[in-house]
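Here is the structure we will look at.
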């Protein structure tokens, strides 16, 4: 049989190579279907290193050699023109033995090729990293995958789970990746998704670690999913996983939030039957629950708190800062801060070490409730235990003493403070000056103000009024005028109230000439009369006319 002749002769091989090379260099010239390039059989005429059909082999070869620069060379030659998510997955599957280099390529593709990895690419890469124990990077990618279409998208969360499971048929994998998925959902606040993943994991026959289960219980507790917490606990018992103290503490917290004391006690008994004793966390939750209980707590619950505290100490468990803080707040909410003070002092006598932070909190609370002597007693106790009071504590104590008109004690505390190279603040000086001036000891108040200025604190308007009015009250006009001039010239305080206090004082004397001379002197300094000034002057003129 005669062979049919070609109507058009084939071009020379060199010409074919030039045509194909041109198509490779210009990806837009490649044939496509639905936007996807079609592998051209003519590529086979090219050398293997220039054939786009060999891109997976070329990349894997460079990965083995750790030659990352070669990828840029391949990109410049246009060999990545046919590179899709499918080829991406093939590369990742063939390079499972070197997950670090594969991860470098994964990041390179995202950054330089503009190819967004799909859930299948992510899943394979995550499996590779988990298999090689690179959990940190695996979790990072898992969080990216969860975030892609997360935020409550149920279908997407199912898709993530299914992809991780389906990829297990293609690559090496460790079921711990499902534990990590539960934690990833929890980190993103997607608690419902983590719960669904937990249940699906059990259905497949995989048992999460106790750490993962505790994380899930904690997440469910925070969003008030108490029923789901007990569902998890029930399944925990069914699959034979033994809970630990952390598990019981989380569940105790769930019951405490519900406010059912009977259920809490029943659960604690069950906990002890299983060999777990309450720890400081357990007691803190119980005490906190009792302190926050409304109504009944205000009358009788603090007795339960007190009993729990002594049971705790009797069991050899030391109360921590949080324990003391809860109790103090509980009493404080009932306006029984002195009871809190007495309880703290009582447990210190029992050998419990109370931290300085607790002392400081209670001292400040007592100062704000204007109980300075109780606060000072506690300060002495703190110092005996090695504590060092701060400037803040001293200033709060001085302020509390001044509010109670205990100027003598405030001055004594101030002297103690200065001896320790600490400075009273403006509020402390203001309170002490007010106390002295209010006790007809204005000159002492004035000397104290001078000390304040020398320490670098300028007086304010309130101090100006306090000492000026004090001198006026003691009928010491000369000193009052000196003060008025000092405040104006040294501190630019032109207070009309102080000015009018002196005008009124002269007006009451009925000495019109002296009053006018005073006004002239004040005008030269910069004081301007107002309506009240004029009223006092008129009153003074009337008195002068009568006399």
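A few notes on this one:
- Highest average packing first - 56-66, 416-426, Cβ atoms within 10 Å: 56-66, 416-426
- Fully extending the segment from residue 475 to residue 419, taken as 0.36 nm per residue of separation minus the present Cα-Cα distance, adds 16.6 nm.
- Angle of helix 477-491 to the longest C-alpha principal axis of the chain, folded into 0 to 90 degrees and rounded to 10: 20°.
- Where labels lie 7 Å past Cα in the beta-carbon direction, separation of residue 204 and residue 227 in nm: 2.7
- Computed label-point distance, nm, for sites residue 352 and residue 532 using a 7 Å Cα→Cβ extension: 5.4
- Once Rg and the Kirkwood radius are both taken over the C-alpha atoms of the stretch 278-354, their ratio Rg/Rh works out to 0.93.
- Estimated FRET transfer efficiency (residue 388, residue 311; beta-carbon r; R0 41 Å; 0.05): 0.80
- At 1.002 mPa s and 20 °C, Stokes diffusion of the stretch 246-287 via Kirkwood alpha-carbon radius, µm² per second: 214
- Relative contact order of the stretch 358-457, defined on C-alpha pairs under 8 angstrom at six or more residues apart (%): 21
- Across the stretch 485-547, the relative contact order, built from alpha-carbon pairs under 8 Å that are at least six residues apart, equals 45 percent.
- For the chain: relative contact order, % (alpha-carbon pairs under 8 angstrom, 6 or more apart): 5
- In plain terms, the chain from residue 168 to residue 68 could stretch by 33.2 nm, reckoned as 0.36 nm per residue minus the Cα-Cα distance.
- On Cα atoms only, tilt of 426-438 relative to the major axis of the chain in degrees: 20
- Relative frequency of Cα-Cα separations exceeding 22 Å in the stretch 358-457, percent: 25
- Residue 133-residue 516 FRET efficiency (beta carbon distance; Förster radius 60 Å; 0.05 resolution): 0.05
- Between the stretch 326-400 and the stretch 479-515, the Cα center-to-center distance that results, in Å: 45
- C-alpha center-to-center spacing [the stretch 55-76, the stretch 425-472] in angstrom: 81
- A Förster distance of 41 Å, applied to the separation of the beta-carbon atoms of residue 303 and residue 412, puts the FRET efficiency at 0.60.
- Compactness check for the chain: Cα Rg over 2.2 N^0.38 Å is 1.72.
- Extended-chain gain in nm, criterion 0.36 nm per residue less alpha-carbon gap, residue 492 and residue 334: 52.1 nm
- Inter-label distance for residue 368 and residue 279, nm, one decimal - labels placed 7 Å from Cα along Cα-to-Cβ: 3.2
- Cubic angstrom per residue, convex hull over Cα atoms of the stretch 485-547: 64
- Report note on the peptides 359-369, 427-437: ranked by the mean count of other C-beta atoms within 10 Å, highest first, their order is 427-437, 359-369.
- By the count of neighbouring beta-carbon atoms within 10 Å, fewest first, 225, 383 end up ordered 383, 225.
Only the coordinates and a few stated rules stand behind these numbers; no lab work does. Quick caveat: nothing in here was measured; it's all calculated off a predicted structure. Neighbour counts run over all protein chains shown; Cβ positions are idealised from the backbone, glycine included.
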